[in-house]
Amino acid sequence: MNLKDWIGRSEEVSDIATATPYAALSATFDRPAERPAVGTPLPGLWHWLYFLPLHRQSEIGPDGHAKRGGFLPPVPLPRRMWAGSQFTFHKPLRIGDVMTRTSTIHDVSEKSGRTGPLVFVKVRHEIRREGETDIALTEFHDIVYREAARPDDVAPPPKAAPTSAAWEKKWVPDDVLLFRYSALTFNGHRIHYDRKYVTEVEGYPGLIVHGPMVATMLLDLLRHQLPDAELASYEFRAVRPVFDINHFFVCGEPLPDGKTFRLWAKDHEGWLTMDATAVIK
């Protein structure tokens, strides 16, 4: 089986940007939860509330994800993580929009890492509004697959987070926060809610805080500092897992050009867990 044969495969799905998921994520982030009016712009990354993965129950694998194969290549490695993403915001998406997302397998690469073989899958998503040929949002999604945890695995050395934050918000994750985000994004991955599975099967010390949720929290921090700013681009890279057994922080600072912002997350010990850059128009 050649995993590169999946490069170029695509799928298309349509959805409507309705108000209730927007209000529900606002409530989850401890913000006012009024249902927004038609025409309200979606904040950055809130398009993840739509185009949800509607796999039938019989299609779900042992980790809570859909069984391997189909659109994504059938990578035989058991652990799957969201490694990072890159976005270009061409036009705003708004409540009430009918949207179509075209997803394409952009690349598949196999490498050997410190803990064994790794497979990286890059997916390109293009979102268009109904009746328009121009792209509203381009997203590249990086997925990494790894071998199962071994007793002799040694974690990579941590990297200290910056100490120059202009803004900082503390989050105390718990089962309810993780459940609500999993429910909003229809994410069945058991690492986020099944403590027995995540500790005994995947070998982690606690429930894993969703990388996409942390990435969204970083932009939420920026949005509430600059509520009228319009995003041009955003990218983030997951550096180190965040677990529900300790608090963490989302942080940010403007760079000298006035349009670029460094955003990052750090754990309770000050180690960098996510590194991101946002650029406004």
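The values are calculated or read from the model by the stated rules, or taken from the named source; none is laboratory data. From a predicted model like this one, the values you see are computed outputs, not experimental measurements. Ligands, DNA and RNA are excluded from the accessible area calculation, which covers all protein heavy atoms including side chains. Shrake-Rupley method; radii C 1.70, N 1.55, O 1.52, S 1.80 Å.
The lysines whose alpha-carbon is closer than 20 Å to the alpha-carbon of Lys67, local same-chain residues fewer than 8 away aside, are Lys4, Lys122.
If you look at the Cα atoms of the stretch 186-252, you get an Rg and a Dmax of 14.6, 46 Å.
If you look at the Cα atoms of the stretch 128-170, you get an Rg and a Dmax of 20.2, 55 Å. Accessible surface calculations at 1.4 Å, restricted to protein heavy atoms, place the stretch 124-196 at 57 Å² per residue. Within the stretch 64-156, all pairs of alpha-carbon atoms sorted by distance into 5 Å bins from zero give the percentages 3, 11, 19, 19, 14, 12, 9, 6, 4, 2, 0, 0.
With all protein chains in place and a 1.4 Å probe, the accessible surface of the chain carries 54 percent carbon and sulfur. Of all lysines in the structure, those lying under 21 Å Cα to Cα from Lys159, and not within fewer than 8 positions of it along the same chain, are Lys169, Lys170, Lys266. Based on every Cα atom in the chain, Rg and the maximum pairwise Cα distance Dmax equal 18.6, 55 Å. Pair-distance distribution of the stretch 140-215: all C-alpha pairs, bin width 5 Å, starting at 0; shares per bin in whole percent are 3, 11, 18, 21, 20, 17, 8, 2, 0.
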